[in-house]
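Scroll down for the structure; my scribbles are underneath it.
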Amino acid sequence: MVTAHRRTPLIDQIETLISKHTDRIPGFIDDDIKMLSVSQIECITVLDGKTYAIDSQNCRYRLKQRLYELEAELPPSFIRINKSTLANETALDRFAVTYAGSVDAVFKCGYREYVSRRCFAQIKRRLETK
């Protein structure tokens, strides 16, 4: 941990550089803190106004950062699938069409989350270019 006597634009730049190169995020369960490896996180979602990371064991960890802050820090393998969820592209098992005609992202851990139409179009274009 580094402390500074006062905040300057240089300190803000250094903080941004350091935060963008992190491969671990602190996750909270009750009073315990676990350092989550970014590769273990299958998705990050907002539930009841709180941000959670869901890992490969389908465990939920409370995160202190907001979704937009995490989106800026995480590697490009994390894609937005709806207004309140980021998905780790490497952890996606499949996309499933529901009875109502919407599309769900199904993760390797078994967790399901709906995919918005706008995001699905972007994901489809992204997959087609690979």
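The values are calculated or read from the model by the stated rules, or taken from the named source; none is laboratory data. Treat the numbers as computed from the prediction; the structure is a model and nothing was measured. Every residue, glycine as well, gets a Cβ built from its backbone with ideal geometry; the counts of neighbours run over all protein chains shown.
Descriptive notes on the structure:
- Apart from one condition, residue 13 fits all of (1) farther than 22 Å from residue 127 by Cβ; (2) within 15 Å of the chain's Cα centre (by Cα); (3) at pLDDT below 90; the exception is (2).
- Within the range 72-130, tally of residues that are among the aromatic types (Phe, Trp, Tyr) and under 11 Å from the mean Cα position of the chain (by Cα): 1
- Residue tally, condition hydrophobic (A, V, I, L, M, F, W, C) and within 10 Å of the chain's Cα centre (by Cα), over the range 47-62: 2
- Candidate set: the range 55-99, residues that are outside any helix (DSSP H, G or I) and among the β-branched types (Val, Ile, Thr); chosen: the one nearest to residue 27 (Cα to Cα): 85
- Pair list, Cβ under 8 Å, 6 or more apart: the range 110-122 residue surrounded by 11 or more Cβ atoms within 10 Å (Cβ to Cβ), other residue of a type in the set (Phe, Trp, Tyr): 113/107; 115/95; 120/95
- Output for the range 76-97, where each listed residue is surrounded by fewer than 13 Cβ atoms within 10 Å (Cβ to Cβ) and out of contact with any Asp or Glu (no Cβ under 6 Å at 6 or more places or on another chain): 76, 83, 90, 94, 97
- Verdict on residue 58 being out of contact with any strand residue (DSSP E or B) (no Cβ under 6 Å at 6 or more places or on another chain) and within 27 Å of residue 127 (Cα to Cα): yes
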